[in-house]
Amino acid sequence: MVDADVVIRDELEALSSGAPDERPDWDDVLRRAGDRSPRVRPRRLAFALAVVTAAVLVATALATGIPGRLGSWVSGTPGSPAPAGLQHGFESSNRAAYAAFPAGTKLRLLLSRTVGGTTFSLLGFRNGDAYCLRLVRTDHPDAIGRNECLRAEELSNVPALVVGDVRFSVGDPAKNVNGVYGFADDTVRSLLVERLRGQDAVAVKNNVFLSLRSVRAGSVQDHPLPNPVFAIHARLRSGGTKNVPYVSASFPGGVVPGGKRPTGPSYFGRSSQQSVPGPAKVTAPIAHPTIAWLKKHEERGKPLPPVRFGNVVFGRVIQPDPDDPVAVGIAIGARGALCDYAFAPLAPRISGGGCGTWFQQGPIRLGTWEVAPIEHFNGFVADGITHVTAFLGSGRIVQAALRDNVFTVAVSATELPARIVGYDAQNRVAGTAEMLGNSVLRPCPTPTFTKPVGALPRAKPWERIDLANMTVNGKQILGLSPAAVEAALGKPAVVRGAAQTTNGVAIPELRYGGALPSSLGLSVTFSKKGDRIFANQLFFQSPSLTDAKLGHVLRMDPLVLQHAIERRYGSVYRLYMSYGSVPSFGCNAILARRGRPSGLGLGLDPYRPSRPFLVIRKNALG
């Protein structure tokens, strides 16, 4: 058995047909710069694509759902027939997709926008009570694009709803385009889309909206700060505004309560313990959960195409809902692991997946997904479970599609948390799985210090820094070997000989002042280049840390420290990210050294505000 899930990001760029998502690894940047804020929900891979079958757009189908609210759709003629190139591109991608929409699906062009020199087309189609949108680069009509559908009940209580966050990389030199698109009912005149910096007013046309912005892509060492969408407000035709439920997709993201940001530094914190309806107690436990047909290698569903990970012994592809193109691969992998693979509509290959233990947490095993406005959950249930229901924090109840032990269900992220409940043939609860709620934007806390400066012990050699020269105990530590660091700073409290491994080579970590991450005063971490292993980062959280000119730097509020560094060392450092100004990065700040890649990070863990930190890095932004 494989004890931990293995999740991959497989061939995303290749699937984008020249328009890959641009997703800088900012989690890694901040992690190496000292960010230890928790990731509230797992960001596991799957394209957030359509989950309902599309059919020809006809008036009889459009007259169901929410009549009187989406006037242009109820009439049967929103927009105009899609240009031949866009229709042909969709059909071409659909034919090549392993999970495809029905042949004959007709699209209509709802609106177009040109951003960063690239034109994007927003197309629509309907099927029953499902409202579907497709956003694609007009010059790449056969690309996967961004495709999403939602059920009528998800639109029943809100004036507008975001159905997709989008990120494209376009042009040469590259530009990143990001934004949101969705539906708005007849009461909405326009949408006010608020970003981290600035806002956009976008008109509603054909009951849909699209907001996009572009920014130069830059590089790891010179990368523009992200400017994600934070909140959305509907401007009503009758006057006034309404907050539109939205979960920011920044990394990590969450809910901005009431759509209003705090005026000072902020971060996305853990969700509150919101009660979720539905049964929580298992009344008919399954003693030895398994999937018999899979272990017997029965050929159900479709054959699993070749995959690049998992070392599949036997696998099949199951489509839980016959009227829904979404498909899930289920397989037995290396050492008996249970593997799942996501097949997104219009994608010619798997979008991702993972392998792990069989039902370690009970008879329901969740598969892979990505945080998105419409969350697409899938998973496996053990024999004995005959139907699966999702109970949402909003109070809504959604029946999942289930076939051959594989289930799928799509819900709006604004309705989380949720509880997935599996029932047996007697309608008894056989298993449950919890889906966490969204993180919430909160002000960064004020640091709390247990000892005044006068009561602190005298600074040790490794606690004496000079930010002007980025030295410790008068010596340049960055770039030194482990032995040279120890010679300069003294014997560490702990040496973790294999803190990480690169190409089979153990990379150490030296800890001073304490053995545990919560108690250490200094952590020296190393990188490997060629045959060299060298100090790459110095992470300080000792209260006695003293700068030659600023004094006890970790006995200052982080924002005060940031301003002090700007005043005293403005000729040495430039401010890249002000403290708490990018909540998805937590309560952190970054200052880059002028003319060099090195720099500083500072901040605090909002759950341990008594221990602010300072980071000296060889590469401040990557």
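Out of the residues in segment 248-264 that are under 11 Å from the mean Cα position of the chain (by Cα) and under 16 Å from Val180 (Cβ atoms), which is surrounded by the fewest Cβ atoms within 10 Å (Cβ to Cβ)?
Phe251
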Legend entry - Residue under evaluation Ala548, criteria (1) over 26 Å from Phe230 (Cα atoms); (2) among the aliphatic types (A, V, I, L, M); (3) buried (at least 24 other Cβ atoms within 10 Å of the Cβ); (4) modelled with pLDDT under 95, criterion not met: (3)
Inset, instruction - Residue by residue through segment 192-207, note down the ones that are aliphatic (A, V, I, L, M) and either part of a strand (DSSP E or B) or modelled with pLDDT of 95 or more (or both). - result: Leu192, Val193, Ala201, Val202, Ala203, Val204
Legend entry - Entirely in segment 101-178, the strands (runs of 3 or more DSSP E) that have 1 or more residues that are modelled with pLDDT under 90 and either surrounded by fewer than 23 Cβ atoms within 10 Å (Cβ to Cβ) or touching a strand residue (DSSP E or B) at 6+ places or on another chain (Cβ under 8 Å) (or both): 118-127, 130-137, 146-151, 160-170
Legend entry - All positions within segment 521-535 that are of a type outside the set (Val, Ile, Thr) and crowded, with 20+ Cβ neighbours inside 10 Å: Gly521, Leu522, Ser523, Phe526, Ala535
Inset, instruction - Within segment 106-138, work out how many residues are among the aromatic types (Phe, Trp, Tyr) and more than 26 Å from the chain's Cα centre (by Cα). - result: 1
Legend entry - Filter pass, Glu375 being in contact (Cβ under 8 Å) with a residue 60 or more places away in the chain, buried (at least 20 other Cβ atoms within 10 Å of the Cβ), at negative phi and not assigned by TED's automatic domain parsing to the domain that holds Leu155: yes
Inset, instruction - Give segment 413-428 a look and list any residue that's farther than 14 Å from Leu366 by Cβ and not charged (D, E, K, R), or say none. - result: Ala413, Thr414, Tyr423, Ala425, Gln426, Asn427
Legend entry - Condition check for Val505: of a type in the set (A, V, I, L, M), within 27 Å of Arg611 (Cα to Cα) and touching a residue at least 12 places away in the same chain (Cβ under 8 Å): no
Legend entry - Segments classed as strands (runs of 3 or more DSSP E), wholly inside segment 389-439, with at least 3 members that are within 19 Å of the chain's Cα centre (by Cα): 406-412
Legend entry - Qualifying positions in segment 599-610 - touching a residue at least 60 places away in the same chain (Cβ under 8 Å) and surrounded by 18 or more Cβ atoms within 10 Å (Cβ to Cβ): Leu600, Gly601, Leu602, Gly603, Leu604, Asp605, Pro606
Inset, instruction - Would you tally the residues in segment 232-246 being surrounded by 20 or more Cβ atoms within 10 Å (Cβ to Cβ), among the hydrophobic types (A, V, I, L, M, F, W, C) and over 11 Å from Val180 (Cβ atoms)? - result: 1
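Residue by residue, here is whether (1) more than 24 Å from Ala589 (Cα to Cα); (2) not in a loop (DSSP other than H, G, I, E, B) holds:
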| position | (1), (2) |
| --- | --- |
| Phe209 | yes, yes |
| Asn227 | no, no |
| Lys242 | yes, yes |
| Arg261 | no, no |
| Phe268 | no, yes |
| Gln274 | yes, no |
| Ala280 | yes, no |
Legend entry - Selection within segment 380-398 - closer than 23 Å to Gln319 by Cβ and at pLDDT 95 or above: Phe380, Val381, Ala382, Asp383, Gly384, Ile385, Thr386, His387, Val388, Thr389, Ala390
Inset, instruction - Confirm whether Arg189 is surrounded by fewer than 24 Cβ atoms within 10 Å (Cβ to Cβ), at pLDDT 90 or above and in the same structural domain as His88 (by TED's automatic domain parsing). - result: yes
Legend entry - Hey, Ala410 touching a His at 6+ places or on another chain (Cβ under 7 Å), of a type in the set (A, V, I, L, M, F, W, C) and assigned by TED's automatic domain parsing to the domain that holds Ala327 or not: yes
Legend entry - When residues of segment 328-363 are limited to those that are surrounded by fewer than 23 Cβ atoms within 10 Å (Cβ to Cβ) and assigned to a strand (DSSP E or B), the one modelled with the lowest pLDDT: Gly356
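The values are calculated or read from the model by the stated rules, or taken from the named source; none is laboratory data. Worth saying up front: this structure is predicted, and the values here are computed from it rather than measured. Ideal geometry is used to build each Cβ from the backbone, glycine not excepted, and the neighbour counts take in all protein chains shown.
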